[in-house]
Every structure is written in C-alpha cells, then in structure tokens.
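Heads up: the structure comes next, in structure tokens.
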Amino acid sequence: MLLFRLFLAACLTGIAAYTAVTMAAHGPNLLPVFFGDMAAMGWPGQFNFDFMTFLMLSALWVAWRHHFSAGGLVLALLAFFGGMLFLSAYLLVQSFRTKGDMAALLLGERRSAGRG
C-alpha cells in the first residue's frame, strides 16, 4: 500500500505542476483544443478520444462505488473533468479512509463488507 500511495502522490504532484505550467503558458482554454484535435481526426484527436473514454470509465466507477448517490454523481463529474488530478487525490484519501483495504478501496465499504 505504501508504494501505491507514493505512486498516487507522485501522480498528483506531477500533474498539478504540469497543469500549472500549462495554464500559465496557454490559459484555461483546454476544451476547444481537446475537441478540435478530435474533430481533425489525427493522432492527437485519437489520443484525446481514447483518454476521454478512460475519463468516462473513471467517472462511472466513482459513481458506482458511491451507489449512484447524489454525492457520488458529483464526484463522478469531478472524476470526468478532473482526470488524474482528481483520481489520484481521491484514491489517496480513500486509501486512508479504508485503512489500506484494497477490496474496500475498489468496491466501496458497503460492497466489500458483504463479501465473505
């Protein structure tokens, strides 16, 4: 669990720093560039489309983990729009909340309690 948490902390730090530099240089104008690349039907757009499906999967998992509750749906929106910046922080916090129990981390505490 320690290595997993270190990985998450490194991802969070790295993506936060990279995002700060990118925003300082280019502003918060991500969506037109992101969808413009997809509309151009080139490799950058293919990568963006592939990445967007990962974002959708991440959001769906977060909503499912929270039983599609109102809070879970809000977290799902954050997962979709926040990407790894959100997911690394979310998993890091949840790893402590679940005391390192990987089943509880992945399934949620209610689902993992019903196993066994």
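Points to keep in mind about this one:
- For the stretch 79-93, a residue qualifies if it is over 19 Å from A104 (Cα atoms) and either surrounded by fewer than 18 Cβ atoms within 10 Å (Cβ to Cβ) or in contact (Cβ under 8 Å) with a residue 12 or more places away in the chain (or both), and the qualifying residues are F80, F81, G83, M84, L85.
- Restricting attention to the stretch 47-67, the residues that are surrounded by fewer than 13 Cβ atoms within 10 Å (Cβ to Cβ), touching a helix residue (DSSP H, G or I) at 6+ places or on another chain (Cβ under 9 Å) and over 30 Å from R97 (Cα atoms) add up to 1.
- Residues of the stretch 72-116 classified as of a type in the set (S, T, Y) and under 21 Å from T19 (Cβ atoms), total: 2
- Residues (among the hydroxyl-bearing types (S, T, Y), closer than 14 Å to G82 by Cα and either surrounded by 12 or more Cβ atoms within 10 Å (Cβ to Cβ) or in contact with a helix residue (DSSP H, G or I) (Cβ under 7 Å, 6 or more places away or on another chain) (or both)) located in the stretch 15-43: T19
- Any pair with Cβ under 6 angstrom, 6 or more apart, that starts in the stretch 101-116 at a residue that is surrounded by 14 or more Cβ atoms within 10 Å (Cβ to Cβ) and ends at one that is not hydroxyl-bearing (S, T, Y): L105/Q94; G108/R65; S112/A103; S112/A104
Every read-out reported here was derived from the displayed coordinates using simple, explicitly stated rules and does not represent laboratory data. Not measured: the values here are computed from a predicted model. Note: ideal-geometry Cβ built from the backbone for every residue, glycine included; neighbour counts use all protein chains shown.
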